[in-house]
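Worksheet for the structure shown next.
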């Protein structure tokens, strides 16, 4: 199953307002779900938590060797295939930089698809801690673009 087929499934979800769709072919299973909102009204899609693992339950480490829990980091993923641009036009400042504070719906980049410039809003609130793609780079659907530390 290739990206084009997955994009067609995503289009079906949107067109028919389906909650989810699942397809299995030749031992490969793909399941796509619509965005779900947290109890605070923040979209969960595109906000994938990444955290550090802890030792198995019951495996106590001495205090000096216990890992510090890592602050949760959220990600912003590309909602489409296209070309990633950090700024609204060549020579203009980037929408966001590392250290920028963003709110839900803050435009963080542009993705050009089929000669259309699509402003991509953040779905999370926090501080940008990493930009994962380069300006002018081709991106895939679901590819991670930014890491954000929630406030």
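Each of the peptides 142-149, 6-13 was scored by the mean count of other Cβ atoms within 10 Å over its residues; in descending order, highest first, they stand as 142-149, 6-13. Exposure proxy for 101, 78: other Cβ atoms within 10 Å of each Cβ, ordered fewest to most, give 101, 78. Label separation (residue 104 vs residue 8): 3.4 nm, computed from points 7 Å beyond Cα along the C-beta direction.
Could you put 26, 130 in order, starting from the residue whose Cβ has the fewest other Cβ atoms within 10 Å? Don't skip to the end; give the middle numbers.
Numbers: 26 6, 130 13.
Fewest-to-most Cβ neighbours within 10 Å comes out as 26, 130.
In this simple spin-label approximation, residue 113 and residue 20 carry label points 7 Å from Cα along the Cα→Cβ vector, and these lie 2.3 nm apart.
Since every read-out is calculated from the coordinates, none of them should be taken as a lab result. Not measured: the values here are computed from a predicted model. Every residue, glycine as well, gets a Cβ built from its backbone with ideal geometry; the counts of neighbours run over all protein chains shown.
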